[in-house]
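The values are calculated or read from the model by the stated rules, or taken from the named source; none is laboratory data. Only a predicted model underlies this, so the values are computations on that prediction, with no experimental measurement involved. Glycine also receives a Cβ, built like all others from the backbone with ideal geometry; neighbour counts cover every protein chain displayed.
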Amino acid sequence: MTQLQALATHARRATLIAGTALCLQAGAATTVHKFDPTAQLGGSALQLNGKGTRVRLVFKAYDMALYTAKRAATPAELLALPGPKRLQFTALRELQGTELGRLFLRGMSDNTPGQQMTRHTLATTRLIEIFSGKPKLAPGDSFAMDFIPGKGTQFYIQGQPQGEPVGDDEFFTLVLRIWFGESPADAQLRDALLDGGKD
């Protein structure tokens with residue numbers, strides 16, 4: 001094979017890889033799970049603030065929806081917004097419970113000072129225990145995190161509450177920072193969750 005032929009082969013491979021990546025990205029942007037436009041939480045009516053797909057490497061991990069009592073268009077607005085909130089998820093592939101919990105904890109740590117994380121050791125430990133107690137989530141399985149002021153954060157798997165609520169207002173802010181902090185888990189997902197829930 002001549003040098004010219006080798007370069008041509010390399011160019012074709014690069015084009016194929018780039019095309020595949022673009023197709024995967026396009027698929028991630030257009031196949032978001034159907035989430036309800038409203039939700040009830042703690043006696044309050046919430047609206048779908050936005051929804052999107054978490055893509056890790058080139059794999060779709062889960063679809064996610066954010067529900068709030070009032071529209072939030074930026075991370076700063078969301079983190080400052082009082083009142084109940086819901087994070088709703090649907091698994092798109094098999095997810096290992098321990099790995100999911102570890103990634104959530106890392107997302108919190110990446111966006112939170114160490115001293116603040118230490119204040120919420122009990123709540124973060126509970127988060128890890130909940131997902132570690134579920135060996136795996138199958139495609140289509142759901143999980144959720146609800147925040148009710150004065151009660152804390154309630155975790156759900158397949159619609160079933162996992163123990164009692166944990167933490168306080170600040171702890172749920174740490175949870176939100178996984179997706180809305182300075183180093184979000186997925187910037188495209190962050191933007192989708194703040195887009196007003198448009199299809």
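Structural remarks
- With respect to the conditions (1) out of contact with any helix residue (DSSP H, G or I) (no Cβ under 6 Å at 6 or more places or on another chain); (2) buried (at least 21 other Cβ atoms within 10 Å of the Cβ); (3) of a type in the set (A, V, I, L, M, F, W, C); (4) closer than 20 Å to residue 78 by Cβ, residue 137 lacks only one, and its number is (4).
- Residue satisfying condition, being modelled with pLDDT of 95 or more and within 26 Å of residue 32 (Cβ to Cβ), within set 131, 147: 147
- Looking at 72, 39, just one residue is touching a residue at least 40 places away in the same chain (Cβ under 8 Å), within 19 Å of residue 154 (Cα to Cα) and of a type in the set (Gly, Ala, Ser), and that residue is 39.
- Flag: residue 135 does not match the condition of being out of contact with any Pro (no Cβ under 6 Å at 6 or more places or on another chain) and without any contact (Cβ under 8 Å) to a residue 12 or more places away in the chain.
- Among the residues of the range 155-188, the ones that are farther than 21 Å from residue 98 by Cβ and either of a type in the set (S, T, N, Q) or not in a helix (DSSP H, G or I) (or both) come to 10 in all.
Residues checked against (1) farther than 19 Å from residue 90 by Cα; (2) out of contact with any strand residue (DSSP E or B) (no Cβ under 8 Å at 6 or more places or on another chain):
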{"site": "122", "(1), (2)": "yes, no"}
{"site": "127", "(1), (2)": "no, no"}
{"site": "135", "(1), (2)": "no, no"}
{"site": "144", "(1), (2)": "no, no"}
{"site": "153", "(1), (2)": "no, no"}
{"site": "162", "(1), (2)": "no, no"}
{"site": "167", "(1), (2)": "yes, no"}
{"site": "178", "(1), (2)": "no, yes"}
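- Note on the range 140-151: residues that are touching an Asp or Glu at 6+ places or on another chain (Cβ under 7 Å) and either of a type in the set (A, V, I, L, M, F, W, C) or buried (at least 19 other Cβ atoms within 10 Å of the Cβ) (or both) amount to 0.
- Considering residues of the range 30-61 that are of a type in the set (S, T, N, Q) and under 23 Å from residue 184 (Cα atoms) only, the residue surrounded by the fewest Cβ atoms within 10 Å (Cβ to Cβ): 30
- One residue stands out in the range 72-92 among those that are surrounded by fewer than 21 Cβ atoms within 10 Å (Cβ to Cβ), touching a Leu at 6+ places or on another chain (Cβ under 9 Å) and not hydrophobic (A, V, I, L, M, F, W, C): the one that is farthest from residue 181 (Cα to Cα), namely 83.
- Cβ-Cβ under 8 Å pairs, at least 6 apart or on other chains, the range 170-199 side within 22 Å of residue 117 (Cβ to Cβ) and surrounded by fewer than 23 Cβ atoms within 10 Å (Cβ to Cβ), far side charged (D, E, K, R) and modelled with pLDDT under 95: 186/56
- Residue, farthest from residue 34 (Cα to Cα), within the range 96-109, restricted to residues that are surrounded by 14 or more Cβ atoms within 10 Å (Cβ to Cβ) and out of contact with any Pro (no Cβ under 9 Å at 6 or more places or on another chain): 109
- So residue 90, is it hydroxyl-bearing (Ser, Thr, Tyr), over 30 Å from residue 58 (Cβ atoms) and touching a residue at least 24 places away in the same chain (Cβ under 8 Å): no
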